[in-house]
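Accompanying notes for the structure given below.
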Amino acid sequence: MIKNYLKIAWRNLKKDKQFTLLNVIGLSAGIACTLLIYLWVHDEMSYDKFFDNGNQIYQVMEHRVGNGGQNLTDESSGLVSETIALMSPEIKYAAPVAPTDWFQKATMTVGDKNIKASGQYVGKDYFNIFSFKLLKGDKSNVLAAKNSIVISDDLAQRLFNTTDAVGKIIRLQHDKDFAVTGVFEKLPANSSQQFDFVQPFEYLATIPGQGWVKTWGNGGPHNFVLLKPGADIDALNKTIANVITKNCGDTTRKLFVSKFSDNYLQNTFNHGARVGGRIEYVRLFSLVAIFILVIACINFMNLSTAKASGRMKEVGIKKVVGAGRSQLIAQFLSESLLLVTITTILAVGIAWLLLPQFNLLTGKDIHLHFDLSLVLILIGIILFTGLVSGSYPALYLSKFNPLAILKGKLNSSFSELLARKGLVVFQFTLSVMLIVAVLVVYRQIQFIQSTRIGYNKDNVIRFDSEGKLMGTEETFTAELRKVPGVVDASFTQHNMVGRNFGTAGLSWPGKNIRQDVYFEGFFGGYDFFETMGMQFAEGRGFSKAFGSDTNKIVLNETAVKAMHLQKPIGQTIKYGSNYQVIGVVKDFHFESLHEPVRPAFILLAGGSSPFYKIMVKISGQDQKETIDRIQHLYESYNPGFPFIYNYLDAAYQKQYETETRTSTLSIYFSCLAIIISCLGLFGLVAFTAQKRQKEIGIRKVIGASVNSITLMLTKDFLMLIAISILIAFPLSWYLMSQWLNGYVYRITLGPDIFLIACFTVILITILTVSFQSVKAALANPVKSLRSE
């Protein structure tokens, strides 16, 4: 019996190739898109979920009250870990971390090999907390000695041509030797922590100028703890809340712990509560995947039900010769399931072919593995789509009296037409919402890229000051300015992107003792402001023409407002020592446009620091030749250190990497949704024209024009699209307003966005519907009238 059902199903699919092709194309595209989004979502959800005892790993965070509100940060004192570990029996292990993004890539030398690698400084129990696989070494002892270093197997292979590197010596920065005490397996791609080596946190504190990492008043290091099973989080938070206050008297900083595996996806906070982050994009694309799959399923259902109503005589004859209702239902469902199964197999092939390009768009390395969850999802799609789309014609047609069917007394019911029209409205409502979303996201990205951020990021390259350059940055930048193609050069400790160094330790005349303002701190060399193209509201920047500026300070406009200084020039600011205000620079964005401009100060850079970066403004022409000259000068100053640079504007754009990729993917997905919707509309118009071919023939014979027949066939569908637009616009306005609220600086939702979306949908609909309508109107009426 089942074999017979499948044979009949296959014959019916072959009989109407247009119907089958439309269904296969639309549904396979929808399933393939859904599958790709599922793989992306699964990869995002897997970040930091692979650790042993992952549910017991927590990060110490700080609530900070200041700047007129409450902020949250993952930075704290480097002394926090060892202190709270002694205070609370809930903590099994604790370790401070100075993360990789603090530091330049280190030059590692073995023999004549000089290799750049990224590293971080960690506490001795780091590998007891994070179960990164150690191939060599004991996780409890690999970081016991200050001159130890633990490297990845990949780095070991590049340096020593073997992973058996324990006991071997590596020279860092052509300065000091470190003994390899352990080798860990290369970190998985779904780890938010990425590094090539680690060194003891205790060693960092001994480096000149880095002792601040083990003081209570400063924040910067990250702190992690591994809790014992069943630990009471609320009790722990109460125990550690006032640790900072007890040790340095700062009442504005409160400690608490947060589950580490949640931080990657939920990394946006509002008044200390998790309110978003990457999880918003996971939810967004999950919703888009559901939308596209629903649109594809609606197509399938509409075309299936429309086509099935043309098979009433077949059903009537089968019932007359003894077919039961259950047999008819089984036949319709088997046809539907067969087509969906074929389509799903095709969709998997499409997804596999598109996966390399999808990885380029998303910046990931996703692979298609048929694990249990994926297989269950595919089976679920087949069963859901096949049973839902096949159930309506099966249940609807199998219930009628066979005599009424054979006499042709049955017409499409009102409920059938209403259901079909309702599905079309729902389908296009989702499509219009996607179009509006794409327009809004695209415009916001364009706004970000075109907004003046207060400094000139274009044609600025940056590289680390290391080796012999450290302490001689002024001399080196002076030589750089002589290089043909170099417009200006300076140096700073700041990346110019994100927050690098902050403090609440400034005092000024008239400061309220209860007022705590957090400032971002910059240290820049002479010509820093000129190189970065910053403008002054009043006063000046650092200049050798005025003698030494080592005791001078420059504020940004927001800092002046926060201090309530009426006449800032000449005022004395205390930050350890006394500094005289010589200038107020116009506000510039050192964070993304999600955040407001924060108070900032700039001091003259001096002395030797491992954090300085050389900033070089170059001409827009012949950049390759200019960079080659810079490299030659660098290597003559710093032999043995690889010259590695990057563009500042690329680092700035990286802040919006997620939004940019979201915009690109949204364009593809919305286009696909529209195409799938139009395929369904195309099929329905073709079905309607076929069903009304005699009526069209009669109208033509009595003198109806092509235009009038085309209008007759299209007006109902255009009415459905108009209803979709009316429903979609208020929903889109609300949802996109909520999304834009995540930006302090954002576009406005003007009527032009909705007009463009409206015009686009109507134009696409007219083109889709008109093709079949005109084709039907131009057909020879004789053929349709002599069909019997």
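The values are calculated or read from the model by the stated rules, or taken from the named source; none is laboratory data. Just so it is clear, the structure is predicted and the values come from calculations on it, not from any experiment. When we count neighbours, we look across all protein chains shown, and the Cβ atoms used for this are built from the backbone with ideal geometry, even at glycine. Surface accessibility is based on the protein's heavy atoms, side chains included, excluding ligands, DNA and RNA. Shrake-Rupley method; radii C 1.70, N 1.55, O 1.52, S 1.80 Å.
One table, with the values for the structure above:
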| read-out | value |
| --- | --- |
| The stretch 732-759 residues that are within 15 Å of residue 447 (Cβ to Cβ), paired with ones that are in a loop (DSSP other than H, G, I, E, B) and of a type in the set (S, T, N, Q) (beta carbon under 7 Å, 6 or more apart) | 745/451 |
| Residue match in the stretch 453-462 (condition: among the acidic types (Asp, Glu), at pLDDT below 75 and over 30 Å from residue 175 (Cα atoms)) | no |
| Set 635, 625: member being in contact with a Phe, Trp or Tyr (Cβ under 7 Å, 6 or more places away or on another chain), farther than 22 Å from residue 523 by Cβ, of a type in the set (D, E, K, R) and open to solvent by 10 Å² or more (accessible area, probe 1.4 Å) | 635 |
| Residue match in the stretch 161-169 (condition: among the β-branched types (Val, Ile, Thr) and touching a Gly at 6+ places or on another chain (Cβ under 7 Å)) | yes |
| Residue within the stretch 270-282 that is modelled with pLDDT of 80 or more and either part of a loop (DSSP other than H, G, I, E, B) or out of contact with any Phe, Trp or Tyr (no Cβ under 6 Å at 6 or more places or on another chain) (or both) present | yes |
| Single residue of 510, 570 found to be part of a loop (DSSP other than H, G, I, E, B), surrounded by fewer than 16 Cβ atoms within 10 Å (Cβ to Cβ) and touching a His at 6+ places or on another chain (Cβ under 8 Å) | 510 |
| When residues of the stretch 134-168 are limited to those that are among the hydrophobic types (A, V, I, L, M, F, W, C) and assigned to a helix (DSSP H, G or I), the one farthest from the chain's Cα centre (by Cα) | 160 |
| Search result, residues across the stretch 238-255 that are surrounded by fewer than 17 Cβ atoms within 10 Å (Cβ to Cβ) and in a helix (DSSP H, G or I) | 238, 245, 246, 247, 248 |
| Test result for residue 644, in contact with a Lys or Arg (Cβ under 9 Å, 6 or more places away or on another chain) and part of a strand (DSSP E or B) | no |
| Selected residue (criterion: nearest to residue 94 (Cα to Cα)) from residues of the stretch 182-219 that are of a type in the set (Phe, Trp, Tyr), open to solvent by less than 40 Å² (accessible area, probe 1.4 Å) and not in a loop (DSSP other than H, G, I, E, B) | 201 |
| Exclusive hit being modelled with pLDDT of 80 or more and under 36 Å from the mean Cα position of the chain (by Cα), set 422, 505, 485, 521 | 521 |
| Test: residue in the stretch 554-565 that is in contact with a Leu (Cβ under 9 Å, 6 or more places away or on another chain), farther than 10 Å from residue 508 by Cβ and surrounded by 18 or more Cβ atoms within 10 Å (Cβ to Cβ) | yes |
| Scan of the stretch 45-58 for residues that are surrounded by fewer than 19 Cβ atoms within 10 Å (Cβ to Cβ), closer than 28 Å to residue 220 by Cβ and not hydrophobic (A, V, I, L, M, F, W, C), ordered by number | 47, 49, 53, 54, 55 |
| Selection count where residues are of a type in the set (A, V, I, L, M) and touching a Phe, Trp or Tyr at 6+ places or on another chain (Cβ under 6 Å), scope the stretch 518-558 | 4 |
| Filtered residues of the stretch 48-92 (kept if under 21 Å from residue 187 (Cα atoms) and touching a Leu at 6+ places or on another chain (Cβ under 7 Å)) | 53, 56, 57, 58 |
| Any hit, the stretch 707-723, residues being farther than 16 Å from residue 767 by Cα, at pLDDT below 85, part of a loop (DSSP other than H, G, I, E, B) and not basic (Lys, Arg) | no |
| Single residue of the stretch 727-759 satisfying the filter (part of a helix (DSSP H, G or I) and among the aromatic types (Phe, Trp, Tyr)) that is nearest to residue 658 (Cα to Cα) | 739 |
| Evaluation of residue 550 against (1) in contact with a Leu (Cβ under 8 Å, 6 or more places away or on another chain); (2) open to solvent by less than 10 Å² (accessible area, probe 1.4 Å) (one fails), failing number | (2) |
| Qualifying residue in the stretch 580-590 (condition: among the acidic types (Asp, Glu), open to solvent by 30 Å² or more (accessible area, probe 1.4 Å), touching a helix residue (DSSP H, G or I) at 6+ places or on another chain (Cβ under 7 Å) and under 30 Å from residue 660 (Cβ atoms)) | yes |
| Per-region count, the stretch 711-741, residues over 19 Å from residue 426 (Cβ atoms) and either open to solvent by 40 Å² or more (accessible area, probe 1.4 Å) or of a type in the set (Val, Ile, Thr) (or both) | 6 |
| Check on residue 138, among the acidic types (Asp, Glu) and closer than 30 Å to residue 614 by Cα | no |
